[in-house]
Structure formats: structure tokens, C-alpha cells
Amino acid sequence: MLRILSNILKKDPRKIYNWLLNYDEVIDWITKYRSKKTQKEYLLGLNKFCNTVKVDIEMLFENTPEENEELIKEAERELSKNLKVNTVLGIIAPINSFLRFYKKKLEKAPGENHDTYGRFRKKSESEKVYGWLLDYSSIRLWIDGYTNESTRKGYLSVMHHFCKRAGITPDKLLEMSQKEIRLIYRKIKNQYNEERKTASAKRLYATLKLFFAENEIEVNFKRRDKVRVVQKKLNVQHIPSKDEIYRIADSSGSIRNRALILFLFQSGVRVNVIQNLTYGMVKDQLYPELKVPIRLKITPEIDSKLSLFGLGYYYAFLQDEAVESLKAYIDWRKEAKGWLPKDDDPIFVAKDYYLNLREGKTGIKQNNCLLIVKRAVKNAGLDSDRIWTHLIRKSFRKVLYQAPIDNDLAEAIMGHKVAGSKENYFDRHDLNWIAFEYMKAPFSREGVGRLNQLEKEKQKLEAQITTQQEEIKTLKDDFNEMKEILQDLLKKQDS
């Protein structure tokens, strides 16, 4: 049953392992690994193994586990003759990983609507609309590096429209010369410019660069190929003041919308965090009593943009009014809607998810958050064309920098990486200190931070104590004076 490997079809002669990507099983296996370096090393290792024992992937599928074990031992003997032990282990590790993966896949017996591990799933929106692109390994290896659904959808949309306009497939695009790629790109770019879709042209330029880089194709775009777009938003944006934020929240129209807007303002989180917030993140800080500030650990699973900054996590916080609004909303969902929360239930949900009866329950989407903010802005009598969700984050930053807080700490609370080598010395683990400093920021409606407010109250009490002490001293002096007078009178009477 041995089959000799010969005349393997290679889509790109620069990649000796490219033939492996003709197998869906290999693609499913290798895309488990997020690191490009790991993917390349494992594909090279699997390729070396197959060439050493003269087998292809289909034979590995047909063999019994015992036969594959014999092939692995044979490969180890052959490779040990010319290579070091560590190198041999590096080649054998991928085949063991691949066989374990394939065995697990068979045991789970995935159906048509199941994922690689046999779990039931529904196709994502991007897979439904742009699913034909996922039939190409070059697209799969590239797009599976992104976990955020909106990011995947955006890139697939750009590639879908580009391929349709150009009348080519992704594989055909990779086979073109640099000159041909530049010419076809310019043709589509000019079409977008004629249609006054300069933003689409700019997205196309960025997407193609990422796609070619992932597939290790070097394309030297010329200076004229770059699309420059005037950022109109910067010209029209209005960063709302704190007073305007509270006007917007009060005009939002529902207990949920008010809690959502105050959450965005006092935490400063990016809007993509909202749909990933769960009840388990806050329940112990809301019940049985409020713990202010609420502390939220934001990870890349919650905020997908953290991976771009190389951050493993950061902490966000909430002050009094946002905490009270959040608790009021959760209590309302429990009492009015009969919600029996579990730790992994989303906090902010769309109206038809209140009872969590739908399969695959998810938090409220970013576009819904935008609509909520826009309507609230309009109801507050402000210009809804000039205010959107991200500007609430900018309002948070403006208030944060008004407080007596170190700039590095402020950037950390924003979910940014501290500049330069300072990140190595910044203590993100000292949560009590970060929370203490955050409370200095004047996010409350009255205009002062809670710590500043407490400090003023303390000073007021100290002034009152000083006044009372002076009054007590005056009374003592008066008492002593009266005492002396009485003693003198008593002496005169006795004499």
C-alpha cells in the first residue's frame, strides 16, 4: 500500500511544503497554531517526514495506528544517520501532533454543521457571504490568523470584491508577477476612485499587503499605489464634555442604554469589549454589596485589539454612578425579565435576548451600541453626526488626564502599552495602587473624583474639629476664670 511521492504539484516552488495545503485535514491541523513560525516549522517537519519514508498524507489516513508507528520509527532511524537528536525530534513532533489531531477528529465524528472538534456550530456571517474564498488554502491560512469576527468579515469582504471586479481567484493572484499584480491593483483602485470610494481603495491597499505578506509573496508597491485619504472625521468630531456625557446618558431612553453609556465613559474600554462582558466578571463586586471601584480584567479574548499592542491584559474600573446604573440594569433584567444569570451570560444584550432563550446567546453588537449612542446624542439635543461611540473613550481620556495621575499610569488604564522601556518597569500587578490612582479622576457628575471628594470632606471635618477645639479651649478659660472669682468670694466671706 506504499505510494512513492513523485511529481508533487507545488503552487509556489519557493515553498517545498505547499503540496500539503491541498489537504483540508492539514489546513485544519496547522491553523490550530497561531504563530506563523510554528506553522512553518511544523509544515517543514511534516514535509521532511513524508519525503523520508516516501509516503503521502492519504496513506497516513489509510494506515492503521500500528503501521504509522512503524513509519515514525523508520523515519527516526533514517534521520538519525545524518542529523542531531534535537533536529530529529523537531521533525518527528509534527507528525505525532498531526496524527493525534486526526485521531481526535475521527473520534468526534464531526457532521456537516460541526467544527473540527465535533462541536455544533453555525456558520459565521462572513463564512456565509464570502464562503467561496475559504476554499482556497492561501485565504484560510491568512484569515484564520484573525479571531475577531468583524476583522475577518472586513478582510474577506475586501478580497471578495477585489476578486470579483478583477475576475480572478486568490490562487491566480499569487501566481502573477509583481508587475501584473500592480497593474490589476491600479485598475481596481482607479475604479474605486472614480466611484468616489477612496476609503475602499485604501482598505484594498492595506488588505493586499497583508495577504501577500502572509503568503510570503514580495510585492513592491510604488509610491503612486498608496492611497491617501483625508480623515474627515477629525474635522467634524466633537469630543463630548463630562456634562454632555451625562446629558446623553440621561436621554438614552432606557435603563440598559444609560448603564451602557456610563460604562463606556467611566471605564474607557473600546466598544468591542461590551459584547464580551459576562455576569461572572462583576457579580461578586455587585452582590451582596457594591464594591467601588469595580475592577475588570480585560484580556485579548475580551478586547481583541490588545494583541496588536502585545498586551496580555489590563484593568478597567468603574466609579459610583456607573456601578449603580449597572446594578440597576442587572436587577431589572432579573426581576422584570425573569433572567436567571450564569457566569458566562453576557451583561449587555439586545432586546430579543433578554430571556436568553436563543441558541448561541451573544452580547450586544458594536453596530447596536453605535445606534444607541447616536439616538441618545440626538435626544440630548447634540449633533449626532459629530459624536459616535469611540469619542466616549476620548472623553474618558480627557477626564483622566485632568486628574493628578502619572501619564504612564493613565496610558495603562487606557489599555495602551507604556512607551518604550517603561513598560518593563511598570507594575500592572499592583491592582490596589492602580485602583487608588484611578479614583482620583473626576468622573462623577459633581465634577470631582471620589478620592478628591473624600479629601475635601476630610479637610472640612478637620476644620470643624479645629474650630470646636478652640471653642472648648475658650470655655475652659472662662471656666477657670469663673472658678477663681468664686474662690475669691468664698475667701472674703470666711474672713
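The values are calculated or read from the model by the stated rules, or taken from the named source; none is laboratory data. The shown structure was predicted, so the numbers you read here are calculated from the model rather than taken from an experiment. All Cβ positions, glycine included, derive from the backbone under ideal geometry; neighbour counts span all protein chains shown.
Taken over region 366-380, the residue count meeting the criterion of being more than 22 Å from Leu318 (Cβ to Cβ) and either of a type in the set (Lys, Arg) or touching a residue at least 60 places away in the same chain (Cβ under 8 Å) (or both) is 4.
A single entry from Ile298, Ile302 fulfils the requirement of being assigned by TED's automatic domain parsing to the domain that holds Leu431, crowded, with 18+ Cβ neighbours inside 10 Å, more than 20 Å from Val399 (Cα to Cα) and in contact (Cβ under 8 Å) with a residue 60 or more places away in the chain: Ile298. Summed over region 159-183, the residues that are assigned to a loop (DSSP other than H, G, I, E, B), in contact with a helix residue (DSSP H, G or I) (Cβ under 8 Å, 6 or more places away or on another chain) and either among the β-branched types (Val, Ile, Thr) or exposed (fewer than 13 other Cβ atoms within 10 Å of the Cβ) (or both) give a count of 2. Of all residues in region 190-232, those being closer than 30 Å to Arg386 by Cβ and not polar (S, T, N, Q) number 18. Can we say Lys189 is over 30 Å from Pro442 (Cβ atoms) and without any contact (Cβ under 8 Å) to a residue 24 or more places away in the chain? Judged against the criteria, Lys189 is not a match. Among the residues of region 40-56, which ones are in contact with a Phe, Trp or Tyr (Cβ under 7 Å, 6 or more places away or on another chain) and either part of a loop (DSSP other than H, G, I, E, B) or modelled with pLDDT under 85 (or both)? Selection gives nothing. Output yes when any residue across region 225-245 is closer than 30 Å to Gln39 by Cβ and over 27 Å from the mean Cα position of the chain (by Cα), and no when none is. Yes, there is a match, as at least one residue in region 225-245 is closer than 30 Å to Gln39 by Cβ and over 27 Å from the mean Cα position of the chain (by Cα). Number of residues in region 380-421 that are of a type outside the set (Gly, Ala, Ser), assigned to a loop (DSSP other than H, G, I, E, B) and closer than 18 Å to Leu260 by Cβ: the value is 3.
Looking only at residues of region 1-38 that are charged (D, E, K, R), at pLDDT 70 or above and surrounded by fewer than 16 Cβ atoms within 10 Å (Cβ to Cβ), we find that the one that is nearest to Asp56 (Cα to Cα) is Asp24. Taking the criterion of being among the small types (Gly, Ala, Ser), surrounded by fewer than 19 Cβ atoms within 10 Å (Cβ to Cβ) and within 14 Å of Tyr313 (Cα to Cα), no residue of region 392-437 qualifies.
Conditions tested, residue by residue: (1) out of contact with any Gly (no Cβ under 7 Å at 6 or more places or on another chain); (2) assigned to a loop (DSSP other than H, G, I, E, B); (3) under 19 Å from Gly415 (Cβ atoms).
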| residue | (1), (2), (3) |
| --- | --- |
| Pro300 | yes, yes, yes |
| Tyr315 | yes, no, yes |
| Ala328 | yes, no, no |
| Lys334 | yes, no, no |
| Pro341 | yes, yes, no |
| Asp344 | no, yes, no |
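Evaluating Phe263 against the criteria (1) surrounded by fewer than 18 Cβ atoms within 10 Å (Cβ to Cβ); (2) within 22 Å of the chain's Cα centre (by Cα) leaves one unmet condition, (1).
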